[in-house]
Amino acid sequence: MDPLEELQRMIEEEIENLERWANQTRTPMGQYTILGNEMNARAATLRNGLRNLKILAGN
């Protein structure tokens, strides 16, 4: 596996972890807590960065 693929895999794993943790912070009413919102924001930032990385890599 080349370094770029490894980096993409690591970013995808981190996105999954953040989204899973965010879902665990939901209130009984189904709303995210402040911490959950922060985790979702970080996951979105990583998702955007991953998309840009793939564009730059030509994938």
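Where a number appears in this text, it was derived from the coordinates with a stated rule and is not lab data. In this text, all values refer to a predicted model and were calculated from it rather than measured experimentally. Don't worry about glycine lacking a Cβ; one is built from the backbone with ideal geometry, like all the others, and counts go over all protein chains shown.
What the Cβ-Cβ distance of residue 54 and residue 21 gives, at R0 = 22 Å and to the nearest 0.05, is a FRET efficiency of 0.35. Computed from label points 7 Å out along Cα-Cβ, the spacing between residue 13 and residue 45 is 2.1 nm. When +1 charges are put on Lys and Arg Cβ atoms and -1 charges on Asp and Glu Cβ atoms, the dipole computed for segment 1-55 relative to its Cα centre reaches about 300 debye. Between the helical axis of 34-57 and the longest alpha-carbon principal axis of the chain there is an angle of about 10 degrees.
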